[in-house]
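Peer 1: First the structure, which I've put down as structure tokens, then a few questions once you've had a look.
The values are calculated or read from the model by the stated rules, or taken from the named source; none is laboratory data. Predicted model only: the values in this text are computed from it and were never measured. For neighbour counting, all protein chains shown are included, and Cβ atoms are generated from backbone atoms with ideal geometry for every residue, glycine included. For accessibility, only protein heavy atoms count, side chains too; no ligands or nucleic acids. Shrake-Rupley method; radii C 1.70, N 1.55, O 1.52, S 1.80 Å.
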Amino acid sequence: MPEVLIILFALLGIVYYVCQPFFGKTAAAARSTGTEHDVAMRVLEESLANLEYDYRAGKIGEEDFLDMQSDLQHRLTECRDQARRPAAEPAKSKHRSTRTT
Amino acid sequence: MLLLGNFLLIATFGLLAYCLVATVLGLRSRDTRWWESAIRAVYAATATVIASSVILTIALISRDFRFEYVARHVSSTLPLAYCATAFWAGQAGSLLFWLLVLLVFVAVSLRLYHRSHGEVIPYFILFAGGSALFFNLLLLMFTNPFAPANPVPPDGLGMNPLLQNVMMVFHPPTLFLGYVGFTIPFAFALGSLLAGRFALDWITIVRKWTLVSWIFLTVGIILGMQWAYVELGWGGYWGWDPVENASFIPWLAATALLHTVILQEQKGLFKKWNVFLVVLTFLLCIFGTFITRSGFIESVHAFALSDIGYYFLAFMLLVLVLCLIILYRSRKKLTGQNHLIRLDAADWSLLQWLLFLVAFYIVLLQIRTYYARAAEYSVILLLIGILVWKRSAAASLGRKLLRLLSREGMFILTNFIFMFFLLFVFWGTVYPTLHEGLMELYAGFSGGFRESVAQSLPGLHEFFQRKLAVSPAFFNKWVMPFALVLLFMMVFCPLFGWRKLNRKVIYFLLAVLLVLVPLAIYTGLGVGAVSWMSVVLFGLTGFAIIAIVSDVFSAVAIRRRLAGESWLRGAANLFRKNKRRYGGYLSHIGVLILIIGIIGSSFYTQEYESEVNIGETFIAGEWELKYVDLQFSQDPEKSMYQAILEVIRNGRTVGRITPEKHLHRKFEQPMTEVSIDFNLLRDLYVIFSPVNRAGRAYFKILVNPLVIWIWVGGLLITLGGIYAILPNRRRLVLSELAAKEEHHA
């Protein structure tokens, strides 16, 4: 008998928890935020630093170093620009998704 | 408890099914409430699986034999610690554990990424949730851990004695964590493909989860090796057993992925290949489970056999087909902007001609008995003719191929070697079983047909008559070329820079050749008692360690020059600020130390046998072993015979070893408990079998050199992996560092 009671309460709890988004105010819409830019920028910064070590250790020639450095810096600048761009427009309906493009 | 356990499993099924339906509805309607509800369903399913795992653990610890699973794997005399580990000793428990780990990983991923990667998450749920639903279904339909025992036995069967080992507390869970963890990068990568948008950091997320799973898989494999070494009592740690191979194959795929991820992150190369490797690793994990569970291939490690394995095969095929469709449809999204080598029409034309020449040579080889040298000369002439005719294309292709002599090229070659190694181990694992299937098929044909085959194609007939086995010796022989090439790569990779070959590599290559070639010739001629192959392998390992250390040294020197740091501070800062690179280096050092252990224990093991009475002494190499006593004891679970041996060296007692033989009451097979006396240079590995009640006993002694280095290497690989995964703070490029230093001055 106690087991049946536990099961009933658990069932009610689960149903309430899972269906909550339909009852109350909607949660934040699913969309991408700017954190991905932080990660990408960190990877690029790391690559730049490693590239400089490789150059100074004599593993890369000057021409290649400058070329790759400018390529990485270009990608870094692009990434920074994207990160600075304002987020996508909010959703028209409060329950509709706001997908970034 | 039984009712509650079953309810929780059914509730998990309902929640997982609901989360898939809600996700699809959300995708159709673009109503985010469905997705939020689906995410909540995953969290709730995680909670219900945690609760059902707690119930099973309580039942195991309290030895509640009303549960059939408990009655099968626990007995009233089994030590309490093993009662808890019985959770993963059987089929149903290990599948529940798999589901638990999977849902916890999925819940953690959702918590981490559901705000930042909103578009990917619904598809991620579809893949990860679908995978969890499959395991949940298996539990409900075929192997329920909450099935009641009928009738309830007064005592349980107990645990297989082979599993009663401290390694079994950690080995299966870590292996499962590794296997299951690969579901996350798989679901995330395919989710990104289906969402039609690769977030900038998707490869970083894939790398992070692959690395986490790879660390667990590595630890699981190393612990499994230790278990085999200590518990199976044959003196080795790796027997190329199908179940061992089943864990090694996805490890190879994941290791290849961890290398090419760097190329995608830094150079934008290999996008398609990386997605392929993610999918391949996941499928190979399922394949590993199929081998372990199905009995498809005979193995000493398969403890839970049933027909359930074939559902894994079906699941694997379904995922494979689905992945192929997705990959085909998304191929354009994965086209990289950068190419290491871009082959044009002229290159392809030249390659086609060269391919034709190879085919021509193969045909000539078949008839060379008649034309002998004329065939070879004609091929050489043709080759020269093609190269002269297509000289501009040949020069251009040669220049392009030279680009492979760069860091990018080394990554690609490393990947090729990993893939060949993977294919070799995979084929060696499944080939005997496939051949057996073909034999059965052939045996099904009519006698007349077989007779005609035997007369017209005797070789083929014999092929279908003789059972084939791939022995560990075969693997050991053919693994050598892979080991040599991989070691060669490990020597030179740290020295290569991007794009071009540099002088450092050439000088180092000359040094390696100058040292190793004379040594190999010297030992190859039979001077001394060492194998030339082991000398070359030891030499390459040493050079690989030197290459890594010299690279670190030169980086510290640069910091010293630019920032005026001391050696110690420079090294500390270097390691602290680039955890990825130096974590990777630490892992490589671990691999090299592990290889030293493998070379030592593979080439220089000595074996001695003796049958003696109490009080007698026998010789094992440089040791004398005195059989002092035989003791008998028993506990509720088993009877134990323990031999006491004194280890004497140069007339002085240096230690005591106590190998045992156990007779478990519920299991007929006697168990060997080896005794190992170890130090940095060798293991003295003693196996004992009592011969009669008067105390006469048989001893087998193995002197295994450098085995402890394998475990130390394994530890370093793991620590390196953990270090590489730690987050880096923002790094200053060196020029900024120098400017900062000047500013301070």
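Peer 1: Mind telling me which of the residues B:Val120, B:Val70 ends up being more than 14 Å from chain A (Cβ to nearest Cβ) and open to solvent by less than 30 Å² (accessible area, probe 1.4 Å)?
Peer 2: Of B:Val120, B:Val70, the one residue that is more than 14 Å from chain A (Cβ to nearest Cβ) and open to solvent by less than 30 Å² (accessible area, probe 1.4 Å) is B:Val70.
Peer 1: Further question on the same structure: Aliphatic (A, V, I, L, M), within 17 Å of B:Ser602 (Cα to Cα) and in contact (Cβ under 8 Å) with a residue 40 or more places away in the chain, is that true of B:Leu706? Talk me through it step by step, then tell me what you get.
Peer 2: Details: aliphatic (A, V, I, L, M): yes; within 17 Å of B:Ser602 (Cα to Cα): yes; in contact (Cβ under 8 Å) with a residue 40 or more places away in the chain: yes.
Taking the combined requirement at face value, the residue satisfies it.
Peer 1: Restricting to helices (runs of 4 or more DSSP H) lying wholly in the stretch B:441-504: which have 2 or more residues that are within 14 Å of chain A (Cβ to nearest Cβ), within 22 Å of B:Leu401 (Cβ to Cβ) and touching a Lys or Arg at 6+ places or on another chain (Cβ under 6 Å)?
Peer 2: none
Peer 1: B:Pro145 fails exactly one of the following numbered conditions: (1) open to solvent by 10 Å² or more (accessible area, probe 1.4 Å); (2) touching a Gly at 6+ places or on another chain (Cβ under 9 Å); (3) not in a helix (DSSP H, G or I); (4) not aromatic (Phe, Trp, Tyr). What is the number of that condition?
Peer 2: Just one mismatch for B:Pro145, condition (1).
Peer 1: Give the stretch A:1-44 a look and list any residue that's at pLDDT below 85, within 7 Å of another protein chain (Cβ to nearest Cβ) and crowded, with 19+ Cβ neighbours inside 10 Å, or say none.
Peer 2: A:Ala29, A:Ala30, A:Arg31, A:Ser32, A:Glu36, A:His37, A:Val39, A:Ala40, A:Val43
Peer 1: Would it be correct to say that B:Val21 is under 14 Å from B:Val104 (Cα atoms) and more than 10 Å from every other protein chain (Cβ to nearest Cβ)?
Peer 2: No.
Peer 1: Which residue, of B:Arg30, B:Arg40, is at the interface with chain A (Cβ under 7 Å from one of its Cβ atoms), more than 15 Å from B:Ser131 (Cα to Cα) and touching a strand residue (DSSP E or B) at 6+ places or on another chain (Cβ under 7 Å)?
Peer 2: The unique qualifying residue is B:Arg30.
Peer 1: Mind telling me which of the residues B:Ser639, B:Ser587 ends up being in contact (Cβ under 8 Å) with a residue 40 or more places away in the chain, open to solvent by less than 30 Å² (accessible area, probe 1.4 Å) and hydroxyl-bearing (Ser, Thr, Tyr)?
Peer 2: Values: B:Ser639 fails: in contact (Cβ under 8 Å) with a residue 40 or more places away in the chain.
From the options B:Ser639, B:Ser587, the qualifying one is B:Ser587.
Peer 1: Does the stretch B:105-117 hold any residues that are assigned to a helix (DSSP H, G or I) and either of a type in the set (Ser, Thr, Tyr) or open to solvent by 10 Å² or more (accessible area, probe 1.4 Å) (or both), and which are they? Give the derivation first.
Peer 2: Pass one, the stretch B:105-117, residues assigned to a helix (DSSP H, G or I): B:105-113.
Within the stretch B:105-117, B:Phe105, B:Ala107, B:Val108, B:Ser109, B:Arg111, B:Leu112, B:Tyr113 meet the criteria.
Peer 1: When you look at B:Ala38, is it open to solvent by less than 50 Å² (accessible area, probe 1.4 Å) and more than 30 Å from B:Gln164 (Cα to Cα), yes or no?
Peer 2: yes
Peer 1: Would you mind finding the one in B:Arg576, B:Arg569 that is more than 14 Å from chain A (Cβ to nearest Cβ), outside any loop (DSSP other than H, G, I, E, B), among the basic types (Lys, Arg) and more than 22 Å from A:Lys59 (Cα to Cα)?
Peer 2: Only one candidate passes the filter, namely B:Arg569.
Peer 1: Now for a separate question. Given (1) among the aliphatic types (A, V, I, L, M); (2) in contact (Cβ under 8 Å) with a residue 24 or more places away in the chain; (3) farther than 25 Å from B:Ile215 by Cα, where does B:Met141 come up short, assuming only one miss?
Peer 2: For B:Met141, the exception is condition (2).
Peer 1: Does B:Tyr82 qualify as being closer than 30 Å to B:Lys638 by Cβ, in a helix (DSSP H, G or I), of a type in the set (Ser, Thr, Tyr) and in the same structural domain as B:Ala107 (by TED's automatic domain parsing)?
Peer 2: Answer is yes for this residue.
Peer 1: Being among the aliphatic types (A, V, I, L, M) and either surrounded by fewer than 18 Cβ atoms within 10 Å (Cβ to Cβ) or within 21 Å of the chain's Cα centre (by Cα) (or both) is the filter here; which residues of the stretch B:590-623 pass it?
Peer 2: Correct list: B:Val591, B:Leu592, B:Ile593, B:Leu594, B:Ile595, B:Ile596, B:Ile598, B:Ile599, B:Ile614, B:Ile619.
Peer 1: Step by step: first the residues of the stretch A:56-91, then only those that are modelled with pLDDT of 80 or more and small (Gly, Ala, Ser), then the one that is most open to solvent (accessible area, probe 1.4 Å). Which residue is that?
Peer 2: For the stretch A:56-91, the residue satisfying everything is A:Ser70.
Peer 1: Condition check: modelled with pLDDT under 95, among the aliphatic types (A, V, I, L, M) and either outside the structural domain of B:Ser131 (by TED's automatic domain parsing) or part of a helix (DSSP H, G or I) (or both). Does B:Leu102 satisfy that?
Peer 2: no
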